[in-house]
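The values are calculated or read from the model by the stated rules, or taken from the named source; none is laboratory data. These numbers come from a predicted model, not from an experiment. Cβ atoms come from the backbone with ideal geometry, glycine included; neighbour counts cover every protein chain shown.
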């Protein structure tokens, strides 16, 4: 259940919340609906966004408090919380190992332990990280002007997943002389990835589930129209997703008013 107390320096989550305007439901391919009943794609667009290189001091202070709150035992027990547990189950069902490819909130917790704190990278990334840490629901930001048509979820086609991965460099002359393995050749010999549900627009893959959007679509400081999206994952309470959307919108509105 969403907390009745204020989140950070935001007002308390309203008990009678009605999201206005309501987020748009993206389309789902029939085979994805049958395989993952209850999965939904929600998205909305904010006009006139101006993202900052440096997050405001209130955001940095909030992130510092969260860095203190998330310790070793929190990370070890994160998989038992409802949001990571629901995302872990989704990852298993689409063919990924959640112990290797972690649920978004778990991944953020592990990054905090690795780096000694949560990174402050400017907006909108800091806003989305705060939402993830407080609610467990990952929301992603896209440059709306780079999207063609409606967003939806379908199964990936052969080669689509590999097309979005960074290509490893071939070994240089010294590597060949020393007989070192060639990363590019190893990547070429790797079997194609198993098709899985992906977020797409009219032209192709925009993002894989539970992962950052592909680079051409990510919102940047030059983005003036930002489309936010999240997946309502089976097993995650609807109210938790609504809380995340409300929190994201509240932080974006505060950013625009600053």
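Residues checked against (1) farther than 17 Å from residue 152 by Cα; (2) in a loop (DSSP other than H, G, I, E, B):
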site	(1), (2)
202	no, yes
207	no, no
210	no, yes
216	yes, no
222	yes, yes
230	no, no
236	yes, yes
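With respect to residue 244, determine if the residue is free of Cβ contacts under 8 Å to residues at least 24 places away in the same chain and in a helix (DSSP H, G or I). In short, no. Would the range 179-201 turn up any residue that is over 25 Å from residue 106 (Cβ atoms), surrounded by 13 or more Cβ atoms within 10 Å (Cβ to Cβ) and at pLDDT 95 or above? Looking for residues that are over 25 Å from residue 106 (Cβ atoms), surrounded by 13 or more Cβ atoms within 10 Å (Cβ to Cβ) and at pLDDT 95 or above, one finds at least one in the range 179-201, hence yes. Residues in the range 33-62 that are farther than 30 Å from residue 95 by Cβ, outside any loop (DSSP other than H, G, I, E, B) and either more than 18 Å from the chain's Cα centre (by Cα) or modelled with pLDDT under 90 (or both): 47, 57, 58, 59, 60, 61, 62.
Which ones in the range 86-98 are in contact (Cβ under 8 Å) with a residue 40 or more places away in the chain and over 15 Å from the mean Cα position of the chain (by Cα)?
89, 93, 94, 95, 96 - these are the residues of the range 86-98 that are in contact (Cβ under 8 Å) with a residue 40 or more places away in the chain and over 15 Å from the mean Cα position of the chain (by Cα).
Within the option set 102, 25, being surrounded by fewer than 20 Cβ atoms within 10 Å (Cβ to Cβ), under 18 Å from the mean Cα position of the chain (by Cα) and either closer than 30 Å to residue 147 by Cβ or modelled with pLDDT under 90 (or both) holds for one residue only, 25.
Let's see how each residue does on (1) under 29 Å from residue 202 (Cβ atoms); (2) without any contact (Cβ under 8 Å) to a residue 12 or more places away in the chain; (3) touching a strand residue (DSSP E or B) at 6+ places or on another chain (Cβ under 8 Å):
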position: 100; (1), (2), (3): no, yes, no
position: 110; (1), (2), (3): no, no, no
position: 115; (1), (2), (3): no, yes, no
position: 135; (1), (2), (3): no, no, no
position: 139; (1), (2), (3): yes, no, yes
position: 145; (1), (2), (3): yes, no, yes
position: 148; (1), (2), (3): yes, no, no
position: 152; (1), (2), (3): yes, no, yes
position: 155; (1), (2), (3): yes, no, yes
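Here residue 225 meets the list (1) on the phi < 0 side of the Ramachandran plot; (2) in contact with a helix residue (DSSP H, G or I) (Cβ under 6 Å, 6 or more places away or on another chain); (3) crowded, with 18+ Cβ neighbours inside 10 Å almost entirely, failing just condition (3).
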